[in-house]
Amino acid sequence: MSAATQSISNALSSSTRKFGKTLVTSLFVSTKVSKLYGYEHQNFQTAIDDLLDVLNFFLRNEGNATLNVVNEFLVLNEVTLKIDLGGYQSYRHVVDLCRERELGTITFNDGIDRDEVVRFVHLLNDSRVDPDARWESFQRQSEEVDLPNILLSKIEIATESDLTVDPDARAAAIGAYYHTIAATQEAHDALRSGESWNPKRLKRCAQTIVDLVMSEESTILAMTSVRQGETDVICHATNTTILSAALGAKIGLEKRLLGDLAFAALMHDIGKLDEGGEFDPTRFGEAHTVEGARRLLLSGRVSSAVVRAMNVAFLHHRNYDGTGFPQTEATIEPSLLTRIVAVANTYDGLTAGPPRAERPLLPAEALARVTEMAG
C-alpha cells in the first residue's frame, strides 16, 4: 500500500470511528428515551431526528452502514469502535440489545426514512425474546415489521455463556477499571513529582484485576475496548495490565506472581509523562524506558514487586533476541514478566491506533502482527 493510500485509509478509519460513536450514542438515546417518555413525546421525536440525520450523513458518503457485534466489540464497516469512558454506557447498551437477541449485524442502506427508523427502534424495544430461541423469536417479529432498508442477521458465534453476562460481574469489572485508572493516575503523579508514594492501593487494584481475570475473564477483557483518548497513558496502562494478567494466567503463573505482573504493567509507561502530567510524544523512544526505571528507583520503596516493575519499565521494548531498546553495555535480560508485558503492550498499541499505530487493527490482525514480530 502506498503512503498516499495508507494516509487516505487512516483518515477514513478515523472518520468512521467518530461516526460510529455518534451512531451508537443516538441508538442508545432513542431506545432509552422511548421507554422513559413514550413514542409520542417530543424528546423521542428529537432523538429520532438526530438518529436519522446521523445515518443520512454517513450513508451519503459510504452508501451503507454495517454495524457488527463481535464478542464484546462493535465494528462499523470493518473498523472496530473504541469508545471513551464517557460513552461506555451507550456502547454497552447497544451491545447488550444485540446480544440478547443474537443480532449480529445491522446494515442501514441508503433510502432509509424517518418512519422506518421509528419502526426499527420499536422493534428493538418491544421485541419479546424467547431465551431458548433468541434469534428465531426476534427474527419472527422482525419479519412482521416493514424494514426495506435495514437488514438484520444472526450473530455468527453465540453461546449461552456469551449471551448471559452476570450483571454483578460486569459491575465489578467496570468498578475495577475505573478504580485502577484513578489509582494509577495517583501513583504516576506522585512518582513524577517526587512525592512520597505508597504502592498498596495500586497493588490492591492489580490484585483485583487478577481476581477478575481468573473468575470473569471475558467480562474484564471487554473493558480493554474503552479508550479515554488517543494519547491516554493511563488507559493504555490499564488495558495492558488486563491483557498481561490474562496472558500470564494462560501460561500458568501462580497468583502471587500474577499480582506482581499486573502491578508492573500498570507502571510500565511511567516515563512517558512530562512534569505537568501530560503525555509527552518525544518520550516514545528510549528515553521513556530509562526515565520510568529511574522514577521507580527513586520512589523510596524498592520492594521485590518494585524491582520487577523496574525491569518491565526499563526493558519492555527490548526484544528477546537483544534488538530493540534500550541498548546497554552490561547484559540485562528482560524478565518473563517483562516479555509478557511487551506482548500485551504491543497488542494494545496496535488495536488503539494513532499515535501507537497508523490505524487501529482488528484483534485478529493485531494477533497476526504480534506473531510475525515474534520471528
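Is it the case that some residue within region 320-328 is touching a helix residue (DSSP H, G or I) at 6+ places or on another chain (Cβ under 9 Å) and either closer than 20 Å to GLY259 by Cβ or outside any loop (DSSP other than H, G, I, E, B) (or both)? Yes, region 320-328 has at least one match.
Filtering region 124-137 for residues that are assigned by TED's automatic domain parsing to the domain that holds LEU36, closer than 13 Å to SER30 by Cβ and hydrophobic (A, V, I, L, M, F, W, C) leaves a non-empty set. Picking from residues in region 350-361 that are in a loop (DSSP other than H, G, I, E, B) and surrounded by 13 or more Cβ atoms within 10 Å (Cβ to Cβ), the one that is modelled with the highest pLDDT is LEU361. Can you pull out the residues in region 36-93 that are surrounded by fewer than 17 Cβ atoms within 10 Å (Cβ to Cβ), farther than 13 Å from THR107 by Cα and among the small types (Gly, Ala, Ser)? Once the filter is applied, which keeps residues that are surrounded by fewer than 17 Cβ atoms within 10 Å (Cβ to Cβ), farther than 13 Å from THR107 by Cα and among the small types (Gly, Ala, Ser), region 36-93 yields GLY38, GLY86.
Here MET223, MET214 are screened, and the one residue that is in a helix (DSSP H, G or I) and at pLDDT below 85 is MET223. Screening ALA262 with (1) modelled with pLDDT of 95 or more; (2) among the aliphatic types (A, V, I, L, M); (3) farther than 30 Å from MET214 by Cβ gives one miss only, at (3).
Residues that are under 19 Å from GLY175 (Cα atoms), in a helix (DSSP H, G or I) and at pLDDT below 90 do not occur anywhere in region 241-254. No other residue among HIS268, HIS179 is in a loop (DSSP other than H, G, I, E, B) and under 21 Å from the mean Cα position of the chain (by Cα) apart from HIS268. On the stretch given as region 97-127, residues that are of a type outside the set (A, V, I, L, M, F, W, C), in contact (Cβ under 8 Å) with a residue 40 or more places away in the chain and part of a helix (DSSP H, G or I) total 5.
Every residue, every condition in (1) surrounded by fewer than 24 Cβ atoms within 10 Å (Cβ to Cβ); (2) more than 19 Å from ALA222 (Cβ to Cβ), yes or no:
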site: ALA237; (1), (2): no, no
site: ILE242; (1), (2): no, no
site: LYS250; (1), (2): yes, no
site: ARG256; (1), (2): yes, yes
site: GLY259; (1), (2): yes, yes
site: PHE263; (1), (2): no, yes
site: MET267; (1), (2): no, yes
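Comparison of ALA309, ALA364, ALA313, ALA344 shows that the only residue that is within 22 Å of the chain's Cα centre (by Cα), buried (at least 21 other Cβ atoms within 10 Å of the Cβ) and in the same structural domain as LEU243 (by TED's automatic domain parsing) is ALA344.
For region 28-37, the count of residues that are among the charged types (D, E, K, R), part of a helix (DSSP H, G or I) and not assigned by TED's automatic domain parsing to the domain that holds ILE174 is at least one. Applying the criterion of being touching an Asp or Glu at 6+ places or on another chain (Cβ under 9 Å) and either crowded, with 16+ Cβ neighbours inside 10 Å or modelled with pLDDT under 80 (or both) to the residues of region 290-306, the residue that is nearest to THR184 (Cα to Cα) is GLY292. When ALA182, ALA173, ALA187 are checked against the criterion of being outside the structural domain of ASP96 (by TED's automatic domain parsing), under 16 Å from ALA265 (Cα atoms), at pLDDT 80 or above and buried (at least 21 other Cβ atoms within 10 Å of the Cβ), a single residue qualifies: ALA187. Taking the conditions (1) at pLDDT 80 or above; (2) in the same structural domain as ARG339 (by TED's automatic domain parsing) in turn, SER153 satisfies each one other than (2).
Let me confirm something: among THR328, THR338, which residue is of a type in the set (S, T, N, Q) and modelled with pLDDT of 85 or more? Break it down into steps so the answer makes sense when it comes.
Details: THR328 fails: modelled with pLDDT of 85 or more.
Going through THR328, THR338 in turn, the sole match is THR338.
The values are calculated or read from the model by the stated rules, or taken from the named source; none is laboratory data. Bear in mind that the values here come from a model prediction, so they are computed numbers and not experimental data. Note that each Cβ is placed from the backbone with ideal geometry, even for glycine, and that neighbours are counted across all protein chains shown.
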